[in-house]
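**Q** First the structure, which I've put down as structure tokens, then a few questions once you've had a look.
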Amino acid sequence: MDFTKDEIKEQIVRIKDQIAVAEQKAGRTAGSVALLAVSKFHPTQSVLDALSCGQTLFGENRVQEAKAKFTEVREKGFTPTLHIIGSLQRNKIKDAVKIADCIESVDRIEVLQDIEKYCVAQQKTIQVLFEFHTGEESKSGFATYEDLMAAVTLCANGALPHIVPAGFMTMAPFTQDETIVRGAFAKMRQTAEKVRNEFPQLPLTTLSMGMSGDYLWAIAEGSTEVRIGTAIFGERNYTQA
Ligand SMILES: *Cc1c(COP(=O)(O)O)cnc(C)c1O
């Protein structure tokens, strides 16, 4: 069920409080963790409701759905920031570049090259995050440090001038086991640190990790952006899609 406007407001306030507490507990700077509201499978109205509560950063994982929804939202005069967080088929990259401010789910070199190509055509620059595979269940993301390095190296070499390499994204395994989940986040953080040491000139500052069920652990492990859907908007109704 989609939450009402009042429920969405209540949830955003509650989650922001929890983020602030987690930042403090982890010795992190106040405000260092961004809240990305994942509106996939929720209607345009839910996005408008969140916008009216001051939420400006949104995530969607399917390009066609995002395009329809956020075109409508922008036509109403709002200026949300939109991140694409789902694995990209190559025939969707053109539209993804058109509508998004950041593509968080870069998991193959060909995707990077296509993004660059469409940025050239559309005369725009775009941020990307490199998705790294840390969990067993999910198949997406660069599988090894070497694969990840190969992709970041392309950016560092100046081969992709319309792409801003802004950091990393991962999904933890779907389990309630704190040790396993935190282990995945820690692996992401350590891998990010290694890559940053190789390329200190790149702005690889974002660590996008943590969802409704595990964002407090992610913040403890160094997340700078949590991607939260269910806890803000309610359960997704997949049958209406
Ligand atoms: C759907 C999704 C989320 C949000 O998941 P919730 O459990 O609903 O908070 C976060 N990240 C990605 C990549 C997603 O696809």
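**Q** If you project the alpha carbons of segment 1-136 onto their three principal axes, what span does each projection cover, largest first, in Å?
**A** Extents along the principal axes: 41, 37, 30 Å.
**Q** Moving on to the next point. Hey, which lysines would be in cross-link range of LYS9, C-alpha to C-alpha under 23 Å, not counting anything within fewer than 8 residues on its own chain?
**A** Filter leaves LYS40, LYS69, LYS76.
**Q** How much of the accessible area of segment 88-176, in percent, comes from carbon and sulfur atoms when a 1.4 Å probe is used? Before the final figure, lay out the partial values.
**A** Values: 1910 of 3840 Å².
After summing per-atom areas, the C and S share lands at 50 percent.
**Q** A further question on this structure: With contacts defined as alpha carbon pairs under 8 Å and 6 or more residues apart, what's the relative contact order of the chain in percent?
**A** 22 percent
**Q** At 18 angstrom or more along the helix axis (alpha-carbon based) and mean Kyte-Doolittle of -1.0 or higher, what helices does the chain contain? Whole DSSP H runs only.
**A** Helices meeting the criterion: 5-25, 109-122, 178-198.
**Q** Quick one: Cα convex hull volume of segment 126-241, Å³ per residue?
**A** Expressed per residue, the convex hull around the Cα atoms of segment 126-241 is 124 Å³.
**Q** Okay, next question. Take the Cα radius of gyration of segment 199-241 and divide it by 2.2 N^0.38 Å, with N its residue count; two decimals is plenty. Write out the running numbers ahead of the final one.
**A** Details: Rg = 14.3 Å, N = 43, 2.2 N^0.38 = 9.2 Å.
It is 1.56.
**Q** Let me ask another. Find the accessible area per residue for segment 34-166; the probe is 1.4 Å, ligands and nucleic acids are left out, and the unit is Å².
**A** 41 Å²
**Q** Can I ask one more? Kindly provide the pair-distance distribution of the chain built from C-alpha pairs, with 5 Å bins from 0 and whole-percent values in order of increasing distance.
**A** The calculated distribution, bin by bin, is 1, 7, 14, 18, 20, 18, 13, 7, 2, 0.
The values are calculated or read from the model by the stated rules, or taken from the named source; none is laboratory data. Worth saying up front: this structure is predicted, and the values here are computed from it rather than measured. Accessible surface is based on the protein model in full, side chains and every heavy atom, while ligands, DNA and RNA are left aside. Shrake-Rupley method; radii C 1.70, N 1.55, O 1.52, S 1.80 Å.
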